[in-house]
Amino acid sequence: MPTDPKDSYQLAVKVFLEKDGKFLMLKDGFGQWDIPGGRLKASEFETPFEQIIARKLSEELGNDCTYTLGKPIVFMRHERREAAPGNPTVRIFAIGYQASLTRGTIRLTSHHTELMWADPSDVTPEQYFTGGWLKGVQDYIALRNGKKI
């Protein structure tokens, strides 16, 4: 009896960082919109997700902001071509957490070129996101606007 081959995913943590009713969107160095967070390192297999989120937010937003981390609210599957030799396609499974910025100033690092605070009640995510990130942002917006996903 043949079995279907199992798929391989990289794991990421993403953060829907909110301030004044809006959430943070970032444009990466490739011109793609994203939300803060990213993939786990091989050495972080046993590291709590909260510590990985702290590392990622520090790398992407600087060390001057503090936040309150909520629970995971959205799960995403995204496929993308890497900017690496041979441009391999990778699949990413991401856990999307809700968080609130409590103080500080976001300082973009070399990972991103632009930021925008988007209002979930009037942003059109299709203008900014594609693939699994689009679906994840749509699910987040639906939840924020009181709809079931």
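The values are calculated or read from the model by the stated rules, or taken from the named source; none is laboratory data. Since we're looking at a predicted model, the values are computed, not measured. In this analysis, Cβ positions are derived from the backbone assuming ideal geometry, glycine residues included, and neighbour counts consider all displayed protein chains.
Here are a few things to note about the model shown:
- Screening Thr89 with (1) in contact with a Lys or Arg (Cβ under 7 Å, 6 or more places away or on another chain); (2) touching a residue at least 24 places away in the same chain (Cβ under 8 Å); (3) more than 23 Å from Thr68 (Cα to Cα) gives one miss only, at (2).
- Pick from region 71-102, criterion surrounded by 11 or more Cβ atoms within 10 Å (Cβ to Cβ) and among the β-branched types (Val, Ile, Thr), ranking: farthest from Lys19 (Cα to Cα): Val90
- Annotation note: Cβ proximity below 7 Å between a residue of region 115-126 that is surrounded by 15 or more Cβ atoms within 10 Å (Cβ to Cβ) and a residue that is at pLDDT below 95 (sequence gap 6+ or interchain) occurs for Leu115/Ile106; Leu115/Leu108; Pro120/Arg144; Pro120/Asn145.
Conditions (1) of a type in the set (Asp, Glu); (2) at pLDDT below 95; (3) touching a Phe, Trp or Tyr at 6+ places or on another chain (Cβ under 6 Å), marked per residue:
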| site | (1), (2), (3) |
| --- | --- |
| Lys22 | no, no, yes |
| Leu26 | no, no, no |
| Thr47 | no, no, no |
| Val74 | no, no, yes |
| Glu82 | yes, yes, no |
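- Candidate set from region 64-86 (those that are out of contact with any strand residue (DSSP E or B) (no Cβ under 7 Å at 6 or more places or on another chain) and in contact (Cβ under 8 Å) with a residue 40 or more places away in the chain); member that is farthest from Leu101 (Cα to Cα): Ala83
- Total residues in region 92-113, condition touching a residue at least 40 places away in the same chain (Cβ under 8 Å) and touching a Ser or Thr at 6+ places or on another chain (Cβ under 7 Å): 3
- Some residue of region 20-43 being outside any helix (DSSP H, G or I), of a type in the set (Asp, Glu), at negative phi and over 13 Å from the mean Cα position of the chain (by Cα): no
- Checking Ile52, Ile73, Ile106 one by one, the residue that is touching a Cys at 6+ places or on another chain (Cβ under 6 Å) and of a type in the set (A, V, I, L, M, F, W, C) is Ile106 and no other.
Results for (1) farther than 17 Å from Gln32 by Cβ; (2) at pLDDT 95 or above; (3) not in a strand (DSSP E or B), shown as yes or no for each residue.
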position: Ile53; (1), (2), (3): yes, yes, yes
position: Phe93; (1), (2), (3): yes, yes, no
position: Gln98; (1), (2), (3): yes, yes, no
position: Thr109; (1), (2), (3): no, no, yes
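- Residues in region 1-19 that are assigned to a loop (DSSP other than H, G, I, E, B) and either among the basic types (Lys, Arg) or under 27 Å from Arg103 (Cβ atoms) (or both): Lys6 only.
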